[in-house]
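Just so it is clear, none of the values below were taken in a lab; they were calculated from the coordinates. Just so we're clear, the structure is a prediction, and the values are computed from it rather than from any experiment. Cβ placement follows ideal geometry from the backbone for every residue including glycine, while neighbour counts extend to all protein chains displayed.
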2 protein chains.
Amino acid sequence: MFSNSTKYAIKAVLYLAVHSSEEQKIMIKDIAEPINVPKHYIAKILQALSKKDIISSTKGPKGGFYLTSDQLQTKVMQIIETVDGEERLNSCLLSLEKCNSDNPCSLHHLVFDEKNKINERLKMTILKDLRQHIMRGESILPL
Amino acid sequence: MFSNSTKYAIKAVLYLAVHSSEEQKIMIKDIAEPINVPKHYIAKILQALSKKDIISSTKGPKGGFYLTSDQLQTKVMQIIETVDGEERLNSCLLSLEKCNSDNPCSLHHLVFDEKNKINERLKMTILKDLRQHIMRGESILPL
DNA sequence: AGTAAAATATGATAAAAATCACATTTAAGA
DNA sequence: TCTTAAATGTGATTTTTATCATATTTTACT
């Protein structure tokens, strides 16, 4: 459903959501290890996310990555779209350009309602929600 | 969600479900073109499906690919699993091995019910159903 | 100012997925 | 039985994705 890059991005951002703050920056190597992602690969992804202002960073000693309270408002969907591009989740199961509810492909009706529901949730769920969920012990931080 | 190979496989098999029969075999090139898939690529996929007995084939002049009436009973899920392997649809969104409903990852609850519902449908829908749907004009054959 | 510790930029390599090519096998029909 | 038309088997090439490496820039601290 998602590319590895997106999965890694979500894991990293969730890690930051739980463990970082403006006063508590985290270095690449201290993110890569607990979320179980190759260091160089996650570095590239974090840089891209930083450029898009989904996460924050500072260089130099005592530097690292972190989330501001504004950035805790980021929707999960925004991360997915930033890394994988907008189409991936919106495209037809069979990748038919012309497929839509008026002119549905043969699998359309099997998934349409559910896919919509999932997309809606990804659009309305923000990092703060997931963080709360984790801190309440209702879900686990990924590794 | 699916690999290109699986999308192509489904398109090809649907094409056969609508246009072929034991008396009406179809050559690779006459499948590849209408479903808009590279000829050599779909050839390889059709061979694999044939070996797994999801479709039938005969060599030589007047040969080609076709479905028997038994093969019209094939579930959509079987095609997906044959091409992409079993895990793809069952794995966690973040590909965490340990993720399950007792120990859910942070995205689990956003998609679990819907993903299950979709999987159920893919498991119970057979080619004959989709063929009927198409022939009634309720969905389109892909291209 | 100088040094060291961090991210950043850029590009190289490896692995996987998609695509292409062709020689081999099988079966129909003359 | 010969020729031809089809699938089959095998592998090569290309493209995309994932991963690794390293030189550069920035910033804190001495």
Point to revise | About the Cα centre, charge dipole magnitude for segment A:1-66 (Lys/Arg +1, Asp/Glu -1 at Cβ), debye | key: 240 debye
Check your understanding: Any idea what the A:Glu22 label distances to the other copies are, label 7 Å down the Cα→Cβ vector, nm, shortest first?
Key -> 7.7
Exercise for review: Mind checking which of B:Leu130, B:Gly63, B:Gln47 is farthest towards the positive end of chain B's charge dipole, using Cβ charges of +1 (Lys, Arg) and -1 (Asp, Glu) about the Cα centre?
Suggested key: B:Gly63
Check your understanding: In nm, one decimal, shortest first: how far is the label point of A:Pro61 (7 Å from Cα along Cα to beta carbon) from the matching points in the other copies?
Key -> 8.6
**Study point:** Most mobile of B:Asp30, B:Asp53, B:Asp102 in a GNM of chain B (Cα contacts under 10 Å)
**Key:** B:Asp102
Practice item. Taking only Cα atoms and a 10 Å spring cutoff, compute GNM fluctuations for chain B and point out the largest among B:Ile42, B:Ile126, B:Ile118. Key: B:Ile118
**Study point:** Alpha-carbon gyration tensor eigenvalues x 5, square-rooted, for segment B:4-135, Å
**Key:** 33, 15, 12
Check your understanding: Say the dipole of segment B:1-53 comes from +1 at the beta carbon of Lys and Arg and -1 at that of Asp and Glu; which of B:Val13, B:Val37, B:Met1 then lies farthest toward its positive end?
Key -> B:Met1
Check your understanding: Pairing the Cα long axis of helix B:39-51 with the longest principal axis of chain B, what angle in degrees results, from 0 to 90 and rounded to the nearest 10?
Key -> 80 degrees
Exercise for review: Determine the distance separating the Cα centre of segment A:79-113 from the Cα centre of segment B:79-96; give it in Å without decimals.
Suggested key: 18 Å
Practice item. From other protein chains only, count the Cβ atoms within 10 Å of every residue's Cβ in A:88-99, then give the mean. Key: 4
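Assigning unit charges at the beta carbon (Lys, Arg +1; Asp, Glu -1) and nothing else, what dipole magnitude in debye, to the nearest 20, does segment B:4-135 show about its Cα centre? Mind showing how you got there, number by number?
Values: 19 positive and 16 negative charges, 102 e Å.
Approximately 480 debye in magnitude.
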Practice item. Determine, at each q value in 0.07, 0.08, 0.10, 0.14 (inverse angstroms), the log₁₀ of I(q)/I(0) that the Debye formula gives when each Cα of the protein assembly as shown is one equal point scatterer. Key: -0.34, -0.43, -0.63, -0.98
Check your understanding: Given a Förster radius of 45 Å and the C-beta distance between B:Glu23 and B:Ser101 as r, what FRET efficiency does 1/(1 + (r/R0)^6) yield to the nearest 0.05?
Key -> 0.35
Check your understanding: Taking Cα atoms, how many degrees apart are the long axis of helix A:4-19 and the longest axis of chain A, rounded to 10 and kept between 0 and 90?
Key -> 50 degrees
Exercise for review: Could you quickly flag the chain A residue whose beta carbon comes closest to the rotation axis taking A to B, and that distance in whole angstrom?
Suggested key: A:Glu114, 2
Check your understanding: GNM, chain B, Cα, under 10 Å: largest mean-square fluctuation among B:Lys75, B:Lys44, B:Lys59?
Key -> B:Lys59
Check your understanding: Taking neighbour counts of Cβ atoms within 10 Å as a proxy for exposure, in what order, fewest first, do A:Arg88, B:Arg131 appear?
Key -> A:Arg88, B:Arg131
Exercise for review: Quick one: with label points 7 Å out along Cα→Cβ, list the inter-copy distances for B:Asn90 in nm, shortest first?
Suggested key: 3.4
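Going by the alpha-carbon gyration tensor, a ≥ b ≥ c the square roots of its eigenvalues, is segment B:19-62 rounded (a/c under 1.5) or, if a/c is not under 1.5, prolate (a/b greater than b/c) versus oblate? Walk me through the numbers before you get to the answer.
Details: a/c = 1.65, a/b = 1.16, b/c = 1.43.
It comes out oblate by the Cα gyration axes.
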